[in-house]
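Inspection log for the structure reproduced underneath, given as structure tokens.
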Amino acid sequence: MTNTKPTVAVLGLGMMGAALTGALLRNGNTTTVWNRSAAKAEPLVAEGANFAQDVSDAVKSSEVIVVCVSTYGVVKDLLEPVASEIRGRVVVNLTSGTPEEARGMSAWAVQAGIRYLDGAIMGVPQMIGLPETLIFYGGPSDLFAEQEALLKVLGGEAVHLGEDAGVAMIYDLALLNLLWSSLTGYLQAQALVSTTGAPAEAFLPFAKIWMEQVVMPSIPESAGEVDAGSYVTDVSSLDVNKAAIKHLVDTCRELGVDDGMPVAVQKLIDKRVSQGHGNHSLASLFEALRQN
Ligand SMILES: NC(=O)c1ccc[n+]([C@@H]2O[C@H](COP(=O)([O-])OP(=O)(O)OC[C@H]3O[C@@H](n4cnc5c(N)ncnc54)[C@H](OP(=O)(O)O)[C@@H]3O)[C@@H](O)[C@H]2O)c1
């Protein structure tokens, strides 16, 4: 029986590119691989991938070209010399960068007649190919619809966010921001508690209760306030939080714990209070955050 699944080239066989290739091979796609350091192709060739000597060799018989390397600059360096060879074909770029880099790459691809989707993988290599794995895409909606079945092989939650090629990177960075700030918030809390001599394990149950009972419910509440543009509160005003966060900043200094994060939040609270919004909720910090 003829294999009707699209033929794919994967450029870049780092941790992520190797995982993407593995998922494609398990799905039965004829997959050709290329990597700057050729040795990384060996285990994938053993699993059934075709080995390409160079980028031109990799793309010549592939309908879809998946690129996953370290930077957009590398993506451009790899694709530019083969632009005429891949004219009319599909490039799915899963390399991380900024929205402007994604838009620049898309503009270049459009000019070269290449059909381009920009994606952001919201997970680690071990999650590639799972039905619940989220991958964001930006670019032409008809191209996404045409390639959706293939994209779901890489991550079952393949979400098209819009025509703007930069949109996937915005969502990617937004979620990374959520990870970095919330995890650092936990670690800051742990640093304070560790001055009492308590191990992290002892503090963990309280951190969990606080997250579940207070922090998590405050996110949908805040989303509602942000969308309504209304920050009336009967819970806790910025005036109250202004006093409380000063206690935190002072205590960090007294205990010799880094005060960088609390001071950053204190500045936002002070900014809103000085603008006359002391009776607003914490969610009104959104207004301070969205203008640099
Ligand atoms: N790993 C993750 O958990 C994860 C999650 C989401 C998104 N991503 C994104 O996926 C992309 C790849 O990540 P990774 O984890 O696979 O990184 P990695 O293991 O460090 O692999 C980097 C890849 O880029 C290639 N490369 C770097 N510079 C190059 C150059 N000048 N010319 C040609 N190839 C070059 C490397 O080739 P060599 O093997 O020859 O060095 C390798 O294939 C990144 O943009 C990353 O942000 C990764």
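The values are calculated or read from the model by the stated rules, or taken from the named source; none is laboratory data. All values reported here derive from a predicted model rather than from experimental measurement. Backbone-built Cβ (ideal geometry, glycine too); neighbour counts: all protein chains shown. Heads up: the accessible areas ignore ligands, DNA and RNA and are worked out on the full protein's heavy atoms, side chains in. Shrake-Rupley method; radii C 1.70, N 1.55, O 1.52, S 1.80 Å.
Given the residues Leu78, Leu44, Leu11, which is the only one that is within 9 Å of the ligand (Cβ to nearest atom) and more than 19 Å from Ile135 (Cα to Cα)? Write out each step before concluding.
On the way: Leu44 fails: within 9 Å of the ligand (Cβ to nearest atom); Leu11 fails: more than 19 Å from Ile135 (Cα to Cα).
The unique qualifying residue is Leu78.
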Where Ser181 falls short, out of the listed (1) more than 16 Å from the ligand (Cβ to nearest atom); (2) open to solvent by 60 Å² or more (accessible area, probe 1.4 Å); (3) of a type in the set (Ser, Thr, Tyr); (4) assigned to a helix (DSSP H, G or I): (2)
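If you check Ala158, Ala200, which single one turns out to be open to solvent by less than 70 Å² (accessible area, probe 1.4 Å) and outside the structural domain of Ile65 (by TED's automatic domain parsing)? Step through it out loud before you land on a result.
Numbers: Ala158 fails: outside the structural domain of Ile65 (by TED's automatic domain parsing).
Being open to solvent by less than 70 Å² (accessible area, probe 1.4 Å) and outside the structural domain of Ile65 (by TED's automatic domain parsing) holds for just one of Ala158, Ala200, which is Ala200.
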Count - residues of the range 118-146 that are in contact with a Leu (Cβ under 8 Å, 6 or more places away or on another chain), away from the ligand (no atom under 11 Å from the Cβ) and open to solvent by 20 Å² or more (accessible area, probe 1.4 Å): 2
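What number of residues in the range 17-48 are under 19 Å from Pro6 (Cβ atoms), among the small types (Gly, Ala, Ser) and out of contact with any helix residue (DSSP H, G or I) (no Cβ under 6 Å at 6 or more places or on another chain)? If you could, list the steps in order and put the result at the bottom.
Narrowing the range 17-48 to residues under 19 Å from Pro6 (Cβ atoms): 17, 19-34, 44, 47-48.
Filter again for among the small types (Gly, Ala, Ser), leaving 17, 19, 22-23, 28, 48.
Still in the running and out of contact with any helix residue (DSSP H, G or I) (no Cβ under 6 Å at 6 or more places or on another chain): 17, 22, 28.
Residues in the range 17-48 being under 19 Å from Pro6 (Cβ atoms), among the small types (Gly, Ala, Ser) and out of contact with any helix residue (DSSP H, G or I) (no Cβ under 6 Å at 6 or more places or on another chain): 3 in total.
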Contacts under 9 angstrom Cβ, first residue in the range 29-43 being in the same structural domain as Val59 (by TED's automatic domain parsing), partner among the aromatic types (Phe, Trp, Tyr) and surrounded by fewer than 18 Cβ atoms within 10 Å (Cβ to Cβ), 6 or more apart: Thr32/Phe51; Val33/Phe51; Trp34/Phe51; Ala38/Phe51; Ala41/Phe51; Glu42/Phe51
Qualifying residue in the range 107-116 (condition: under 19 Å from the mean Cα position of the chain (by Cα) and either free of Cβ contacts under 8 Å to residues at least 12 places away in the same chain or within 13 Å of the ligand (Cβ to nearest atom) (or both)): no
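For the range 164-174, which residues satisfy the criterion of being surrounded by 14 or more Cβ atoms within 10 Å (Cβ to Cβ) and of a type in the set (A, V, I, L, M, F, W, C)? Steps first, answer last, please.
Our first condition is that a residue be surrounded by 14 or more Cβ atoms within 10 Å (Cβ to Cβ); within the range 164-174, this holds for 164-173.
Answer for the range 164-174, where residues must be surrounded by 14 or more Cβ atoms within 10 Å (Cβ to Cβ) and of a type in the set (A, V, I, L, M, F, W, C): Ala165, Val167, Ala168, Met169, Ile170, Leu173.
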Single residue of Leu94, Leu24 found to be buried (at least 23 other Cβ atoms within 10 Å of the Cβ) and away from the ligand (no atom under 14 Å from the Cβ): Leu24
Single condition Asp77 does not satisfy, out of (1) farther than 15 Å from Gly12 by Cα; (2) free of Cβ contacts under 8 Å to residues at least 24 places away in the same chain: (1)
Residue satisfying condition, being more than 16 Å from the ligand (Cβ to nearest atom) and either modelled with pLDDT of 95 or more or farther than 25 Å from Glu146 by Cα (or both), within set Asn29, Asn35, Asn3: Asn29
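Output the residues belonging to the range 252-263 that are open to solvent by less than 50 Å² (accessible area, probe 1.4 Å) and either of a type in the set (Lys, Arg) or free of Cβ contacts under 8 Å to residues at least 60 places away in the same chain (or both).
Pass one, the range 252-263, residues open to solvent by less than 50 Å² (accessible area, probe 1.4 Å): 252, 257, 259-260, 262-263.
If the condition is that a residue be open to solvent by less than 50 Å² (accessible area, probe 1.4 Å) and either of a type in the set (Lys, Arg) or free of Cβ contacts under 8 Å to residues at least 60 places away in the same chain (or both), then Asp259, Gly260, Val263 are the ones that fit.
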Residue count for the range 1-56, restricted to those that are touching a Lys or Arg at 6+ places or on another chain (Cβ under 9 Å) and over 20 Å from Val91 (Cα atoms): 1
Odd one out for Ala83 among (1) aliphatic (A, V, I, L, M); (2) more than 16 Å from the ligand (Cβ to nearest atom); (3) touching a helix residue (DSSP H, G or I) at 6+ places or on another chain (Cβ under 7 Å): (3)
Matching residues, the range 18-66, being more than 18 Å from Leu117 (Cβ to Cβ) and among the acidic types (Asp, Glu): Glu42, Glu47, Asp54, Asp57
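Is one or more of the residues making up the range 68-79 out of contact with any helix residue (DSSP H, G or I) (no Cβ under 9 Å at 6 or more places or on another chain), open to solvent by 10 Å² or more (accessible area, probe 1.4 Å) and closer than 15 Å to Thr7 by Cβ? Outline the logic, then answer.
Going through the range 68-79, the residues out of contact with any helix residue (DSSP H, G or I) (no Cβ under 9 Å at 6 or more places or on another chain) turn out to be 70, 74, 77.
Next, from what is left, pick out any that are open to solvent by 10 Å² or more (accessible area, probe 1.4 Å): 70, 74, 77.
Cutting the leftovers down to closer than 15 Å to Thr7 by Cβ gives us none.
No, the conditions are met nowhere in the range 68-79.
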